[in-house]
1. With a length cut of 27 Å (Cα positions projected on each helix's long axis) and a Kyte-Doolittle mean of at least -0.5, go through the chain and give me the DSSP H helices that pass.
2. If the viscosity is 0.890 mPa s and the temperature 25 °C, what translational diffusion coefficient in µm²/s does Stokes-Einstein give for the range 165-255 when Rh comes from Kirkwood over Cα pairs?
3. Residue farthest toward the positive end of the dipole of the range 150-276, with Cβ of Lys/Arg at +1 and Asp/Glu at -1: which of 273, 203, 190?
4. So how far, in whole Å, is the C-alpha centre of the range 220-261 from the one of the range 39-90?
5. Please report how far the C-alpha centroid of the range 103-124 lies from that of the range 138-164, rounded to the nearest whole angstrom.
6. If r is the Cβ-Cβ distance from residue 177 to residue 213 and R0 is 41 Å, what FRET efficiency results, to the nearest 0.05?
7. Rank by packing, highest mean first: peptides 45-53, 154-162, with packing defined as the count of other Cβ atoms within 10 Å averaged across residues.
8. About the Cα centre, and with charges only on the beta carbon of Lys, Arg (+1) and Asp, Glu (-1), how big is the dipole of the range 150-276? Nearest 20 debye, please.
Amino acid sequence: MQQNNIKIALPTDSKTILGGGNSFRRNFIKGLSFIKEASFVEDYLQADIALITSATMVSKETFRAIKEKGIKIVTRIDNAVRDSRNRGSGMSRLRNFSLKADRVIWQSEWARDYLQDFIGREDGVVIYNGVDLDIFRPGEKVLDFGGRPTYLFSRYSRDENKRYEEIWYKYQLIQKNNKNAKLILIGKFSPEIIEYNFDFFNAENYEYLGVIDNSQKMAYVYRSCDFMFAPYFNDCFSNTYLEFLATKNENKLFDINYSGGTPEMIELFNSKGREYFSLERMVKDYLRLFEEVLEKK
């Protein structure tokens, strides 16, 4: 039987505002506003169900407190959690949280194939991300970057898997053949690379916009660029790519690295279209699983 007004918490002990887990959390809370059967609660101890959006965002103490209160827990898994960035406990925490949760949700089929044996659970389901289609929508170019065409590279992590070095080299080749092209760079880079012109040395035409934490401004940038470089290696299901695709309503990713969950995303976008990636669809998929979890004694 369907429960009315399921109270859902998305606990976090993280102080950062950027990153995939935080983006998902913001999107999920907005998506809940479209659903009358459920609502977000800030206090996880008052929730019917707690969704762990990322194992790195919740402490062991918080997880234990939720468990001891008897609140149902669902853990979302998107990729391996590097031990080198989590004091040696990234993957052990992910596995521990997942084994103790009532259910797990995989971000993509690739993530399930990659990590299911390690996690040790076969009852998980795949639910794909959505993005805010009210903001990330097609429209006129509102920013003139002065390049034809204009290429975009965006990363909100300095993770080497984002592969800036690849686009650095490939854009040099593009610039050699087309002096009118321009590269737009957004996100986190080392102070040294910023100071020294992103290692460009032949008067390449580029512009660095810094870190943009405003979704509307980011949408303006997406709409104003012609292509987005897509070199991420083994990315599970990039929100950055999804947001860009949603503003184009067609696949304008450029020089794609077909690893991780990226091929899945592109296939889904091409077959199901932009509307499939709405926040409302995503949250409804989560809610169906939550109802199953709450009905199970």
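Rule-based calculations on the coordinates, nothing more; no lab input. Quantities reported herein were computed from a predicted structural model and do not represent experimental measurements. So basically every Cβ, Gly included, is an ideal-geometry build from the backbone, and we count neighbours across all protein chains shown.
1. Span-like helices here: none at all.
2. My calculation gives 172 µm²/s for D.
3. 273
4. If we compute the Cα centre of each part, the gap is 29 Å.
5. 32 Å
6. Efficiency at R0 = 41 Å is approximately 0.75.
7. Most protected by this proxy first, the peptides run 45-53, 154-162.
8. Charge dipole of the range 150-276: 360 debye, to the nearest 20.
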